[in-house]
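Read through the structure below, which is laid out as structure tokens, and then see the notes.
The values are calculated or read from the model by the stated rules, or taken from the named source; none is laboratory data. Note that the coordinates shown come from a computational prediction; the quantities given were computed from them, not determined experimentally. A quick note on method: Cβ atoms are made from the backbone with ideal geometry, for glycine too, and the neighbour counts reach across all protein chains shown. Keep in mind that these areas ignore ligands, DNA and RNA; they rest on the heavy atoms of the full protein, side chains included. Shrake-Rupley method; radii C 1.70, N 1.55, O 1.52, S 1.80 Å.
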Amino acid sequence: MNSPIMTKITRVFIYMLLGAAAIISLLPLYWVFSTSLQLDAYQDEDLDAPISYVEANPPKFVPAGIEEYFKHWRKARAAEKSGDQELANYHRKMMTEVVHNSFAMYMYLFNRTNIWRWFINSAYIAFVVTLGILLIDTMSGYVLAKKQFPGRNLIFWVIVSTMMIPGQVTLVPMFIMIQKLGLFDTHWALILPDLSMVFGVFLMRQFLLSIPSELLEAAKIDGAGEWKTFWTIVIPLAKPALATLGIFTFMSVWNSFLWPIIVLNNADLYTLPVGLKTLQDANLASFKLLMSGASLAAIPMIIIFLAFQRYFIKGLTLGGVKE
Amino acid sequence: MKTLVPYKSEKIKYLLKDIWKNRVYYLFLAPKMVVFTLFIAIPVIWAFILAFQEYNVFGSTWVGLNNFIKVLNSEVFYVALWNTFKYTVFTVPVHVVIALILATLIHPLGKIAQSFFRAAFYLPTVTSMVIIAMVWRWIYNFRFGLFNYFLSWFGIPPVDWLGQSATALWAIIIMSILTPPGVGIILYLAAMSNIPDTLYEAAKIDGAGPFQRWYRITLPMLKPTTLYLVMISTIGSFQVFTQIIMMTKGGPGYATETLVHLIYKTAFRDYEFGVASAQAMILFIIILFFSVIQYRLLSTDHD
């Protein structure tokens, strides 16, 4: 059973299984990028009529542009060698045509839709909410963890018990509230409710329970006020939890969808997910166009994830994060 | 004895003094409490009230249980409930089992391989569901979709997955199953690395094989994680929405109508705020009910 050959075979088998699962996991994301770059309505001297590699059967797994680009590059080189400048020029022109065609829908999105605006809206709302949450959740988590005052436990339990309530329950009253406050169709309608998310208070309190009280006492003896103690002692000690909370807040705001489609009407105010939905609802959009928009929305989160992977993992294990 | 118990007015005086002494801490809490009160506390109470009212901008009227009666008398509600239930039953257990299997396979690997697979399985989780749903709508495309292409390898003729009542909900379930449970895998991996090695060594000395060790040690030690995962996945899957609105809008007919999509439609297409609140209350009660049951069932044998 434990012979070296057997363990080797099991190991190969495990890698094959995991590899297959990883392909299934990543294929849809790959397909977003691949479709967005696929040649569409493309024609050159080898083709009688324009063809679409997006709608190819069997599907084209690698963007056809890569192959086409090198084909024309080779032909241009050959034509230059044989002195046929006109043919060489044609192939040089086709090379730029291939590039243009591949990125056509990205250019379309930038030139003809508000996507740039949506991108900036998503980014700045996510930043504002993240900074706000980090500040106010650490402030409240800190006093709930380290200070004694009347009503402390009551406040904590009220906050934590609302974590159990699904967001859909408050959808309608929140909508009426936002309208009464005159915030409908403004970015405040997204920012303020997002700032009320309670998970961070819970996380920061749990984390700050473990910081030594002696440090806080020492600061007090040195004559530091509460605010100064908070900034010079608590915040630096809270850094690991702050990183985790910041990343999860950013991700959930960047990806949030249900609430934004309810309170945003003006296309200039859309966030990326809302914009993508309207693109898809417009029906005339091709899959190449939709996938180009989708990839623009996906790239920032993928980069953030790859850069801060360990904080994501820490965050999930630090008391369990809502998906 | 008597003198030690202060009078009520005195108690209040002490309390107020205590509050005044600690006023700076209330200031620390204040910003969060303001947004919390406005956008969580008041809406939660209000939602409960709205469920018994007919909402009108110029003044709502009490209608007793009418909203609930309306909900329970509408056929669509039961269709949505059934679809949501079916979606949950077919995705949650499968996801938990997949997470367990993948974590078991990843755990013994070297550091580099481990972090590669962890990233590969977690990446879809950080990607917006809007994007995942958009690409799956493309993958399920009748004529040019990848899904039908792969099925054609096995001689299966093309199917209009999202366009027919018979297959639409299944298509959404399959899509969910094929999107790996990133959170579950990472939580299981973390829990596995917390199991002390001495347990395995002792079992090895007693002659337990690798499978027996997994079944007798790993599995029981992972129970709290399993419980947590089943609960959060169930809660999440009862709230399935984005896939529905992006891929089928509840159709064809009501084939993929789910509870949250129905609440959304009732509130923001029909503007029946009272009825939508009643639906949301029922969703809340269902989620609470399942959470309690699962907690009871899965946490019985150990303390």
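Numerical summary
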| quantity | calculated |
| --- | --- |
| Additional length obtainable on full extension of the chain from residue A:218 to residue A:82, 0.36 nm per residue less Cα span | 40.5 nm |
| Solvent-accessible area, 1.4 Å probe, carbon plus sulfur percent, for chain A | 65 percent |
| For the stretch A:124-135, Karplus couplings with θ = phi - 60° (6.51, -1.76, 1.60), whole Hz, Gly/Pro x | 6, 5, 4, 5, 4, 5, 4, 4, x, 4, 4, 5 |
| Whole-Å distance, taken between Cα centres, linking the stretch A:23-51 and the stretch B:61-103 | 38 Å |
| Cα-centred dipole magnitude for the stretch A:4-110, charges only on beta-carbon of K, R (+1) and D, E (-1), debye, nearest 20 | 740 debye |
| In degrees, nearest ten, helix A:85-102 long axis to first principal axis of chain A (Cα) | 30 degrees |
| Vicinal HN-Hα couplings computed from phi for the stretch A:233-244 (Karplus, 6.51 cos²θ - 1.76 cosθ + 1.60; Hz; Gly/Pro x) | 10, 5, 4, x, 6, 7, 3, x, 5, 5, 4, 4 |
| Average accessible area per residue (Å²) across the stretch A:1-90 - probe 1.4 Å, nucleic acids and ligands excluded | 63 Å² |
| Gaussian network model of chain A, springs between alpha carbon atoms under 10 Å - residue of A:19, A:182, A:223 with greatest fluctuation | A:19 |
| Descending semi-axes in whole angstrom, ellipsoid equivalent of the protein assembly as shown, from the Cα gyration tensor | 46, 33, 28 |
| Calculated over chain B: convex hull of Cα atoms, volume per residue (Å³) | 269 Å³ |
| Kirkwood-type radius of the stretch A:114-268, with distances r between different C-alpha atoms, in Å | 17.2 Å |
| Surface accessible to a 1.4 Å probe, per residue, for the residues of chain B, Å² | 52 Å² |
| Estimated [θ] at 222 nm from DSSP helical runs (n ≥ 4, -39500 (n - 2.57)) normalised by residues in chain A, nearest 500 | -22500 deg cm²/dmol |
| Chain B, relative contact order [Cα under 8 Å, separation at least 6], % | 26 percent |
| Cβ-placed point charges (K, R +1; D, E -1), dipole of the protein assembly as shown about Cα centre in debye, nearest 20 | 1800 debye |
| For the stretch A:159-248, alpha-carbon Rg relative to the globular expectation (2.2 N^0.38 Å, N residues) | 1.46 |
| CD proxy at 222 nm, helix term only [per DSSP H run n ≥ 4: -39500 (n - 2.57); per residue of chain B; nearest 500] | -22000 deg cm²/dmol |
| Area hidden from solvent between B and A (accessible, protein heavy atoms only, 1.4 Å, total, Å²) | 8300 Å² |
| Members of the stretch A:189-234 that become less accessible by 30 Å² or more once partner protein chains are added (1.4 angstrom probe, chain alone as reference) | A:192, A:196, A:226 |
| Candidates B:126, B:79, B:159: whichever shows maximal mean-square fluctuation once chain B is modelled as a Gaussian network with Cα springs under 10 Å | B:126 |
| Extension gain (nm, one decimal) between residue B:216 and residue B:271, 0.36 nm per residue minus Cα-Cα | 14.3 nm |
| Solvent-accessible area per residue for the stretch A:138-202 (1.4 angstrom probe, square angstrom) | 36 Å² |
| Rg in Å to one decimal, and Dmax rounded to a whole Å, for chain A via C-alpha atoms | 27.2, 91 |
| Alpha-carbon centroids, the stretch B:239-288 and the stretch B:192-228: separation in whole Å | 42 Å |
| Solvent-accessible area lost in complex, 50 Å² minimum, residues of the stretch B:72-111 relative to chain alone, 1.4 Å | B:105 |
| Nearest 10 degrees, 0 to 90: helix A:152-161 Cα axis against chain A principal axis | 30 degrees |
| Rounded FRET efficiency, nearest 0.05, which uses the C-beta distance separating residue B:288 from residue A:152 and R0 of 25 Å | 0.40 |
| Rg followed by Dmax, in Å, when the stretch B:1-159 is reduced to its Cα trace | 28.6, 91 |
| Rounded percent of accessible protein surface that carbon and sulfur make up, the stretch B:2-50, 1.4 Å probe | 74 percent |
| Virtual spin-label span in nm between residue A:123 and residue A:92, 7 Å along Cα→Cβ | 3.6 nm |
| Gaussian network model of chain B, Cα within-10 Å springs - most flexible of B:96, B:230, B:130 | B:130 |
| Label-point separation, residue A:26 to residue B:15 (7 Å along Cα→Cβ), nm | 6.1 nm |
| 10 Å Cβ shell holding at most 15 others, DSSP loop, trypsin sites (Lys or Arg not before Pro): longest site-free stretch of chain B | B:1-142 |
| Too-long pairs where the Cα-Cα distance tops 30 Å, listed order kept, from A:147/B:111; A:60/A:93; A:228/B:111; A:180/A:277; A:228/B:17; A:277/B:111 | A:147/B:111; A:228/B:111; A:277/B:111 |
| Residues losing 30 Å² or more accessible surface upon assembly, the stretch A:24-46, compared with the chain by itself, 1.4 Å | A:24, A:25, A:26, A:27, A:28, A:29, A:31 |
| Residues with amide H under 5 Å from that of residue B:53, placed H, sequence gap 5 or more | B:63 |
| Test item: Cα-centred dipole of the stretch A:113-317, Lys/Arg +1 and Asp/Glu -1 on Cβ, debye | 240 debye |
| Relative contact order (%) - chain A, alpha-carbon pairs under 8 angstrom, separation at least six | 24 percent |
| Chain A: angle of helix A:4-37 to the longest principal axis, Cα-based, in degrees nearest 10 | 80 degrees |
| Table column - 3J(HN,Hα) (Hz), the stretch B:95-107, Karplus curve with 6.51, -1.76, 1.60, x for Gly and Pro | 4, 5, 5, 4, 4, 5, 5, 5, 5, 4, 6, 6, 3 |
| Estimated Rh, the stretch A:4-110: Kirkwood, alpha-carbon pairs, angstrom | 16.6 Å |
